[in-house]
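What follows is one structure encoded as structure tokens, with my remarks underneath.
Read-outs: derived from the displayed coordinates by stated rules, not from any lab. What you see is a predicted model, and the numbers here were worked out from it, not measured in a lab. Because the Cβ atoms are built from the backbone with ideal geometry, glycine has one as well, and the counts that use them run over all protein chains shown.
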Amino acid sequence: MKNSWNLLLGVFGVPGQVGDSSPSARTYRGAPPVLPLDSEPPPRLIVDPPVPGPLARRLAVIGYRAENLHIAPVFGPNALDVSPRLGHIHVTVDDLPWHWADASGEPLIIKGLLPGHHKVLIELVNANHVVFEGQTVEFDIPA
């Protein structure tokens, strides 16, 4: 059975196995893109104003995107050494003393807002929750 397994591995080109002389993936593609790089441009946060229509239904839909940072649900100090850089956002509504983390990369949807003026702080943070930058979006929910 062992000889059959080695033959099978050789047929499918698994590097380093019996009968394989094909170059590795690294030869063609270079280093994996999840290894630390010497330098990367700083992350940048782009936030859109809320979509106007849903505000009348007490619903804020706020799109955002990050540049030079991949939004992903990966946390902790070991994730700081990964490239491309990993992170998520923190969201604070109306200067409340608490916030929540979001790692979906999808637009924010905040519902049940009371009529009046509101502000939402969106902060781009690294995997260890250190803030790179933030933007505040202000809008009004009609009565």
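Brief remarks on what is shown
- Gyration tensor verdict on the range 74-131 (Cα atoms; rounded if a/c is under 1.5, prolate if a/b is larger than b/c, oblate otherwise): prolate
- Amide H contacts of Phe132: Leu124, Val125, Asn126, each under 5 Å away and 5 or more positions distant or on a separate chain (H built 1.01 Å from N in the peptide plane; Pro and chain starts excluded).
- Across the range 121-129, coupling constants 3J(HN,Hα) worked out from phi with the 6.51/-1.76/1.60 Karplus curve, θ = phi - 60°, read 9, 10, 10, 8, 10, 7, 5, 10, 6 Hz, and Gly and Pro carry x.
- Antiparallel bridge percentage (DSSP; both residues within the range 39-141; nearest 5): 95 percent
- Nearest-20 debye value, the range 39-141 charge dipole, Cβ charges on Lys, Arg, Asp, Glu: 280 debye
- The phi-based Karplus calculation (6.51 cos²θ - 1.76 cosθ + 1.60; θ = phi - 60°) puts the 3J(HN,Hα) values of the range 110-117 at 10, 10, x, 6, 6, x, x, 7 Hz, whole numbers, x for Gly and Pro.
- Remark on the range 39-141: hydrodynamic radius 14.2 angstrom, per the Kirkwood mean of 1/r across alpha carbon pairs.
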